[in-house]
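The values are calculated or read from the model by the stated rules, or taken from the named source; none is laboratory data. Remember, predicted model here, so these are calculated numbers, not experimental data. Cβ sites come from the backbone with ideal geometry, for glycine too, and all protein chains shown count toward neighbours. Note: areas computed on protein heavy atoms with side chains; ligands, DNA, RNA excluded. Shrake-Rupley method; radii C 1.70, N 1.55, O 1.52, S 1.80 Å.
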Amino acid sequence: QAAAADIFQTEVVIPEPGEYVALGAARQAAWALSGAGAPPAWERRVERTISPSGSSDWAAAVRGRFAEARRRLYGV
């Protein structure tokens, strides 16, 4: 999780443990039954958030290698 935050240079949000598949299915069913134009509100429960460390030279190296691989494969 910390590595992802450093590589992608963004916060990683860790949700509280829960039955998210069941909750998503229930939300979708409630939306379908209501006939509303938008799904019902979804409460986001966050356990913790991991921020980029800001001092990860290795993460910059990973991003550079990925960019080089993408150039070689796709010419982008």
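So here's what we get for this one:
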{"read-out": "Rel. contact order, % - alpha carbon contacts under 8 angstrom, at least six apart, the chain", "value": "44 percent"}
{"read-out": "Fraction of accessible area attributable to carbon and sulfur, the chain (%, probe 1.4 Å)", "value": "57 percent"}
{"read-out": "Solvent-accessible heavy-atom area per residue, rounded to whole Å², over the chain at 1.4 Å", "value": "80 Å²"}
{"read-out": "Protection proxy ranking of 48-54, 6-12 - average other beta-carbon atoms within 10 Å, highest first", "value": "6-12, 48-54"}
{"read-out": "Given charges at Cβ of Lys, Arg, Asp, Glu: the chain dipole, positive-most of A5, A67, P15", "value": "A67"}
{"read-out": "Distance histogram in 10 Å bins (all Cα pairs of the chain, percent per bin)", "value": "17, 26, 23, 22, 13, 0"}
{"read-out": "Proximal charge balance of D57 [Cβ under 15 Å; K/R count +1, D/E count -1]", "value": "+1"}
{"read-out": "Student exercise, the chain dipole from Lys, Arg, Asp, Glu Cβ charges, in Debye to nearest 20", "value": "380 debye"}
